[in-house]
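The values are calculated or read from the model by the stated rules, or taken from the named source; none is laboratory data. Quick caveat: nothing in here was measured; it's all calculated off a predicted structure. Neighbour counts run over all protein chains shown; Cβ positions are idealised from the backbone, glycine included.
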Amino acid sequence: MSIDLQSIEKKWQKKWEEAKIFEADPDDREKFFITAAFPYLNGVLHAGHLRTFTIPEVVARYQRMKGKNVLWTFGYHVTGTPILGLAEQIKERKGNIIWAYNKLHNIPMDELLELTTPEKVVEYFSKKATEAFKRMGFALDWRRNFKTDDDVFNKFIEWQFYKLKEKGYIIKGSHPVRYCPKCDNPVEDHDLLHGEEATLVEYVLIKFELEFDNDRCIMPMATLRPETVFGVTNVWVNPEETYVKAKVWIEKETDDGIELIDNGIWIMSKECAEKLVHQDRKVEIIKEFKGEELINKKVLNPITKKEVPIFPATFVSTEIGTGCVMSVPAHAPYDYVALRDLGKVEEVGLIPLIKVEGYGEFPAKEIVEKMGIKSQNDEKLLEKATNKIYKDEFHKGVLNENCGKYAGLPVREIKEKLTKDFIKKGIAEIMYEFSEENVVCRCGTKCIVKTVKGQWFIKYSDEEWKELAHKCVDRMNFIPESARKEFHNKIDWMKDKACARKKGLGTKLPFDKEWVIESLSDSTIYMAYYTIAKFINEKGIKPEQLTEKLFDYVFLGKGNVEEIEKETGLPKDLIEEMRKEFLYWYPLDWRCSAKDLVPNHLTFFIFNHVAIFPEELWPRGIVVNGYVTIEGKKLSKSKGPVLPVMEVAEKYGADVGRFYITTCAELPQDADIKFKEMERAKENLIRFYEFAMEVIDLFEKDKGGELTYIDKWLLHKTYKAVKIADEAFSNIQLRRAGLLFYELMNDIRWYKRRGGNNPKVLMEVLEVLVKLMTPFTPHLCEEIWEKMGKDTFISNEKFPEVKEEFIDETLELGEEYIKSVMDDIREIIEVTKIQPKKIYLYTADDWKYEILEIMNENKEDSIKQLMPKIMKNEKFRKYGKEIPKLIQQLTKIGVKKPINEAEILNNAKEFLEKEFGAEVIINGEDIKGKKKHAIPYKPAIYLE
């Protein structure tokens, strides 16, 4: 039977659209509101989008079948700089971009070369995205769709920022940010080509001093662990790299402009000097020289007042920190091994400063010797040793008496206190670095850390605001549950974030029009906008009518509706309807996104909701899915692979893509798309359709009769699957729900093999299976539903209910028992090489089942505990020697409830005879005393 999946899909997409079955309006039903992070329009939707969006799509369809009123819709994200950058690169005919978008995104060259402005890029990719969503059969309410460059949406963002500013959460100041020198803008995660997960790391620069060229100079040591300064024995510099002697000033912002404060003469790497220029310092280089000039000079530790020597170390990177590194060999494996390689350990000695449970006085020396680290070349072992010591010291370490007044304080609590104290004394400063080296803007320029003056920030550092965010997280649902702890950590870690820039697409900052709100700041509460977007889209509401007072009333219930009617010119009834619509759908039930958005968008989503909305409207849940790879390769819009969604639909079919992408990995695991597996999924869905047609044809000829044992077994398996599927869908365990399809198809094959062919039963099973598959494969299921003679949309049918009268675990145990007996018979045939004419099966004696009953009643007991309970009964005493062995055997195969094995075997006798081509005798003459070996669930077998 040939089947054209594409034709079936397009047929039902047209029918759904014509019937408008996915348009959601408030009614008396329980509501369900689910969203996903809207796609960014700088390319076609790809495999990563497919997974992130299909998860809520499947959940939305399931919840609709559970009788809920479901709101599921999309907007398109077009703010920020990536679209600008793409348009510029296409206009400049950048070869790699032209190749990537032509070959990987499947954009015809003549269409691609036209995308030379941001407006054209947005228009083109919004059409492509809409085509892709519709082609995949997404059950979206398209009346609520919008793009973030709409003038009306801009008014909503302005309102959001006024609310944050009123609460004191938007401030102006100077802060370090990730910055692109070419774009001349702060950059956020979505603006980056590489290094999306890079954070700003705060290094403490401790000001050591030395004499150099007759000048008293500062040699700043960059460290993440300022407490280790108490254990410094020497300093490392790279003799082969370039260092500078430079005059440094601190730039202080005053009302009259920038004041320069003398900060001395510094010795540091050339790269460090270049970085400091962007971090509130003015730097004038006096001299450049090789690091070898510093070797064997002495520097003064400003804390201990001890002079220590400078030693050479080629492992020192001048790209990180200042290129001058403190050596703490008692606690740093790298330092200890480097000193040992130089033969300088005895000369400088080891200074312990941290007591750690499980370690001696010198932890680094101890672990290096224990791991057998030979030299600095054993980099993997050194890294492992370093990570272990640092982790143990951080969590369990306490500063010792060498740390003066700080002795006795835990390492995990000391950094902030020490840093403040050292800065106050004027012997330390702060410098920022990226946590990763390769941080690159989408324009291709390497980013820097820059202190931007007069920058607008969202004050995510506010402790009271953090407390509200924590409170929200405590109340929310998370899938996976482990995400809860991660969100708490992100909230604790969150610092002030630049929220505006001077160029890019987006909304003008309403209280400072020179600035444009950046893309991760305008995409935090837009799901509230979905609730009223249909009114704005359909009623032709103009931007000037969307006033702050209107939004205050609709979203917060503040203000007088008559006054708002006068101010906006909007009818009172429409304003009230918008308010009711919002209150009906809010709060949001589930927010779905990939895990790369946890540290930014999803955390901002929580912060902004708790800042603006009352508690009863805070979001209820977040679903986090993993990344997607293709045949093990990471997705890349510019390098590949990409796998556009439309390619999946055209090559494999929308239903195949939907089913495969949601079932190939469970949340929160990463998903690796394998094309052979997708092909197999397609073959299985085609077989499902063919099976459905066979059942429909069979049922038309014969309506079926009384239920047999095997009929009841199949109905048990079917309704048990309904119970499992219902639980799996509700917990968003979509792989678990999807795998039931394969299990049920296998059950049907077994049922037929066992002689089952009741048309009535098969039709009932088909109806259940089609409904279970509808959230995954709605097109195929609509087609089968129609072929079954139904005149409704299966998308609007109720999810199947469990028929408890058919749930009977003994039926399942019985069929498992038959399969086990067959396996045992085959094993004996293989070992003995006998082709039996007769197969004798002997079930266990009754007393053995009584022992099984006792074991079931005392499942936690050991053999020693069971024996007295069994021996209380006099009739078991004559089996005293056999019982311990029996208990061991039953424990090994699993303690199950007793079943009537003889009845089950007799029911399957004809089937077994057909399977083995031999006569089957059940509990007949006891040949060679075999029967005594039978135990529950393991009949004795004799072949003749």
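Per-residue answers, yes or no, for (1) free of Cβ contacts under 8 Å to residues at least 40 places away in the same chain; (2) buried (at least 18 other Cβ atoms within 10 Å of the Cβ); (3) touching a strand residue (DSSP E or B) at 6+ places or on another chain (Cβ under 8 Å):
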{"site": "LYS396", "(1), (2), (3)": "no, no, no"}
{"site": "ASN402", "(1), (2), (3)": "no, no, no"}
{"site": "GLU413", "(1), (2), (3)": "yes, no, no"}
{"site": "GLU416", "(1), (2), (3)": "yes, no, no"}
{"site": "PHE422", "(1), (2), (3)": "no, yes, yes"}
{"site": "GLU429", "(1), (2), (3)": "no, yes, yes"}
{"site": "SER435", "(1), (2), (3)": "no, no, yes"}
{"site": "CYS441", "(1), (2), (3)": "no, yes, yes"}
(request) Give me a count of the residues in the range 705-729 that are farther than 22 Å from LEU905 by Cβ, part of a helix (DSSP H, G or I) and in contact (Cβ under 8 Å) with a residue 24 or more places away in the chain. (result) 9
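For every residue, the table says whether it meets (1) under 17 Å from THR228 (Cβ atoms); (2) not acidic (Asp, Glu).
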site: CYS272; (1), (2): no, yes
site: PRO302; (1), (2): yes, yes
site: GLU307; (1), (2): no, no
site: GLU319; (1), (2): no, no
site: CYS324; (1), (2): yes, yes
site: ALA330; (1), (2): yes, yes
site: VAL337; (1), (2): yes, yes
site: GLU347; (1), (2): no, no
site: VAL356; (1), (2): yes, yes
(message) Which count do you get for residues in the range 787-807 that are in contact with an Asp or Glu (Cβ under 8 Å, 6 or more places away or on another chain) and among the aromatic types (Phe, Trp, Tyr)?
(response) 2
(message) Being in contact with a Cys (Cβ under 6 Å, 6 or more places away or on another chain) and either part of a strand (DSSP E or B) or of a type in the set (Gly, Ala, Ser) (or both) is true for just one of ILE265, ILE218, ILE285, ILE206. Which residue is that?
(response) ILE265
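Okay, residues lined up against (1) closer than 25 Å to GLU347 by Cα; (2) crowded, with 22+ Cβ neighbours inside 10 Å; (3) assigned by TED's automatic domain parsing to the domain that holds VAL308:
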{"site": "ASP189", "(1), (2), (3)": "no, no, no"}
{"site": "LEU205", "(1), (2), (3)": "no, yes, yes"}
{"site": "GLU211", "(1), (2), (3)": "yes, no, yes"}
{"site": "MET221", "(1), (2), (3)": "yes, yes, yes"}
{"site": "ARG225", "(1), (2), (3)": "yes, no, yes"}
{"site": "VAL229", "(1), (2), (3)": "yes, yes, yes"}
{"site": "ASN234", "(1), (2), (3)": "yes, yes, yes"}
{"site": "VAL237", "(1), (2), (3)": "yes, yes, yes"}
(message) For the list (1) charged (D, E, K, R); (2) more than 30 Å from TYR336 (Cα to Cα); (3) not in a strand (DSSP E or B), I need the number of the one condition that GLU253 fails.
(response) (3)
(message) Can you list residue pairs whose Cβ atoms sit under 6 Å apart, with the first residue in the range 738-754 being free of Cβ contacts under 8 Å to residues at least 60 places away in the same chain and among the charged types (D, E, K, R) and the second being assigned to a helix (DSSP H, G or I) and crowded, with 21+ Cβ neighbours inside 10 Å? Count only pairs 6 or more apart in sequence or on different chains.
(response) ASP747/LYS717
(message) Could you go through the range 601-612 and let me know if any residue there is at pLDDT 95 or above, more than 18 Å from THR54 (Cα to Cα) and more than 23 Å from the chain's Cα centre (by Cα).
(response) yes
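So, restricting to helices (runs of 4 or more DSSP H) that lie completely within the range 630-704, which ones have at least 2 residues that are within 22 Å of MET745 (Cα to Cα) and touching a strand residue (DSSP E or B) at 6+ places or on another chain (Cβ under 8 Å)? Reasoning before the result, please.
Working: elements: 645-651, 654-663, 675-701.
In the range 630-704, the matching helices (runs of 4 or more DSSP H) lie at 654-663.
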(request) Search the range 926-944 for residues that are charged (D, E, K, R) and pair each with any residue that is in a strand (DSSP E or B) when their beta-carbon atoms are under 6 Å apart and the residues are at least 6 apart or on different chains. (result) LYS930/TYR842; LYS930/ALA940; LYS930/TYR942; LYS931/TYR842; LYS931/ALA940; GLU944/LYS838
(message) Going through LYS446, LYS420 one at a time, which residue ends up being among the basic types (Lys, Arg), within 28 Å of the chain's Cα centre (by Cα) and over 22 Å from LYS306 (Cβ atoms)?
(response) LYS446
(request) Could you look through the range 6-27, keep only residues that are among the hydrophobic types (A, V, I, L, M, F, W, C) and crowded, with 17+ Cβ neighbours inside 10 Å, and pick out the one that is nearest to TRP585 (Cα to Cα)? (result) ALA24
(request) Name the single residue, out of those in the range 793-831 being among the β-branched types (Val, Ile, Thr) and within 37 Å of the chain's Cα centre (by Cα), that is nearest to ALA737 (Cα to Cα). (result) VAL802
(message) Against the definition (touching a strand residue (DSSP E or B) at 6+ places or on another chain (Cβ under 6 Å), touching a residue at least 60 places away in the same chain (Cβ under 8 Å) and not in a loop (DSSP other than H, G, I, E, B)), how does VAL152 come out, yes or no?
(response) no
(message) Show the residue pairs meeting these rules: Cβ distance below 6 Å; 6+ apart or different chains; first residue within the range 668-681 and within 14 Å of THR52 (Cα to Cα); second residue among the aromatic types (Phe, Trp, Tyr).
(response) ASP670/TYR627
(message) Against the condition loosely packed, with under 12 Cβ neighbours inside 10 Å, out of contact with any Leu (no Cβ under 8 Å at 6 or more places or on another chain) and not basic (Lys, Arg), how does GLU357 come out, does it pass?
(response) yes
(request) Would you be able to tell me the number of residues in the range 62-73 that are of a type outside the set (A, V, I, L, M) and surrounded by 24 or more Cβ atoms within 10 Å (Cβ to Cβ)? (result) 5
